Amino acid sequence: MPSNETFTQLKQQQGWQDRRRLLLLGVLLLIIFVISLSAGDVWILPQHWMDDSSRLFVWQLRLPRAAAVMAVGASLAIAGAVMQSLFENPLAEPGLLGVANGAGVALVLTVFLGQGMVPVWLISLSAVAGALFITLLLLFFSRRRRLTNSRLLLVGVALGIVCSAVMTWAVYFSSSLDLRQLMYWMMGGFSGVDWRQKWLMLSLLPIAIWLCFQGRALNLMALGEEQARQLGLSVHLWRNILVVAVGWLVGVSVAIAGVIGFVGLVIPHILRLNGLTDQRRLLLGCALAGAAILLLADVLARIMLSSAELPIGVVTATLGAPVFIWLLTRLKSVR
């Protein structure tokens, strides 16, 4: 009995600490959101947001961009956490395993073959289809071919390289200005986002919110396939559902902002290192932290150069690559 009481107390204490961490992440996101609406060539402080001269900048230009950044950041971080459980690989993430590049190559080929006549909704669906295809291919290699974590990682990197090569060839042989501009956008960026993309942003929310409540299933899957089945989880069904959900999040994110790497890799590990290990709270933490970090990267991309805007993919790669190298040297499970 004393041991049971001690376990209950430790569990309650852990729950309280997790809620405090989530609250801090929420406050951090709010602060960065205010900075994002204020930052730009002309800084507009909150007390001036309702001025006639400021409304256009704040509510029609900066607000939709901030909303898109938060939606994409949260989606990529959640997708990364889910993929790490799904593939049982601590280095799994949409950009590293080629899923984001798969969405990108499908999008570029749709524009290339459509010669500018393809509707926006079909371009977005092609990005989702590309992400789903690469995810299913990786899952096939992981489950049927019984690849080790390191080999699966190399397969994902190779698929990403192939997709990047296909995108480069498509742009090289294209005379379309739209496709050449699209290639720059594929480096990752939100410069063209406005309220016209609101349906894409809104399409991310139901899946992201739903995944945040699937922590119990992911906790069971993290125990291993046999243990999850013994505890009553239909592993095959859940795996297929999660693949579709991840493919949707990554595909729509690429359709909005292009390929943005390292968010899905770095955020879940940072949170785990800081004590958020339960998937029931980790996924919500990933949503808050992913939105906050990508929003901060977007602010930096806008203000670092006075004459131009950096692609946000460059900023996230610069910040994320050192962390990725550190993870490779520290994670013992990757051999």
Loop only per DSSP, at most 13 neighbouring Cβ atoms within 10 Å: give me the chymotrypsin sites (Phe, Trp or Tyr not before Pro) in the range 187-281, ordered by residue number.
Phe213
Alpha carbon convex hull of the range 211-335, projected area averaged over orientations, nm²:
9.0 nm²
Distance from the range 44-87 to the range 254-299 (C-alpha centre basis), Å
14 Å
Pop out the carbon and sulfur fraction of the accessible area of the range 232-287 as a percent, whole number, probe 1.4 Å.
66 percent
In nm, spacing of pseudo-spin labels at Thr329 and Trp195 (7 Å Cα→C-beta vector)
5.0 nm
With the chain reduced to its Cα atoms and the Debye formula applied, log10 I(q)/I(0) at q = 0.07 1/Å amounts to -0.29
Full-stretch length increase - Gln13, Arg151 - with 0.36 nm per residue and alpha-carbon distance subtracted:
45.8 nm
Cut-off 10 angstrom, C-alpha nodes, Gaussian network model of the chain. Which of Ile78, Ile293, Ile260 fluctuates the most?
Ile293
Carbon plus sulfur fraction of accessible area for the range 1-110, probe 1.4 Å, in percent:
67 percent
Net charge, Pro64 excluded, C-beta distance under 10 Å - Lys, Arg +1, Asp, Glu -1:
+3
Average Cα contact separation per residue, the range 191-270, under 8 Å, 6 or more apart, as relative contact order %
37 percent
Sort the following peptides by mean Cβ neighbour count (other Cβ atoms within 10 Å, averaged over residues), highest first: 29-41, 89-101.
89-101, 29-41
Accessible area (Å², per residue) of the chain, counting only protein heavy atoms and a probe of 1.4 Å
50 Å²
Under the helix-only model (-39500 (n - 2.57) for each DSSP H run of 4 or more, divided by the residues of the chain), the mean residue ellipticity at 222 nm, to 500 deg cm²/dmol, is -24500 deg cm²/dmol
Could you work out how far apart the two model spin labels at Ile209 and Ile31 are, taking each label as a point 7 Å from the Cα in the direction of the beta carbon, and quote it in nm?
2.8 nm
What is the gain in length, in nm to one decimal, between Ala158 and Ser306 on full extension, counting 0.36 nm per residue of separation less the C-alpha to C-alpha distance?
49.6 nm
Just flag the trypsin sites (Lys or Arg not before Pro) in the range 98-148 sitting in loop per DSSP whose Cβ has no more than 13 other Cβ atoms within 10 Å.
Arg144, Arg145, Arg146
Can you give the relative contact order of the chain as a percent, counting alpha carbon pairs under 8 Å and 6+ residues apart?
31 percent
Counting only the heavy atoms of the protein chains, how much of Thr168 is accessible to a 1.4 Å probe, in Å² to the nearest 10?
80 Å²
One checks the Cα atoms of the range 4-161 and finds Rg and Dmax, in Å, of 21.6, 68
Between Leu136 and Thr168, take the C-beta separation as r, use R0 = 30 Å, and let me know the FRET efficiency to the nearest 0.05.
0.80
Whole-Hz couplings from phi, Karplus 6.51/-1.76/1.60, listed for the range 64-69; x for Gly and Pro
x, 5, 4, 4, 5, 4
Can you work out ³J(HN,Hα) from phi for every residue in the range 129-142, in order, using Karplus 6.51 cos²θ - 1.76 cosθ + 1.60 and θ = phi - 60°, giving whole Hz and x for Gly and Pro?
4, x, 5, 5, 4, 5, 4, 5, 5, 5, 5, 4, 5, 5
Using θ = phi - 60° and the Karplus curve 6.51 cos²θ - 1.76 cosθ + 1.60, what whole-Hz ³J(HN,Hα) does each residue of the range 220-232 get, with Gly and Pro shown as x?
5, 5, 5, 6, x, 5, 5, 4, 5, 5, 5, 8, x
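The values are calculated or read from the model by the stated rules, or taken from the named source; none is laboratory data. Predicted model, so just to flag it, every value in this text is computed and none were measured. Backbone-built Cβ (ideal geometry, glycine too); neighbour counts: all protein chains shown. Ligands, DNA and RNA are stripped out before the accessible areas are found, and what is left, the full protein with its side chains, is counted by its heavy atoms. Shrake-Rupley method; radii C 1.70, N 1.55, O 1.52, S 1.80 Å.
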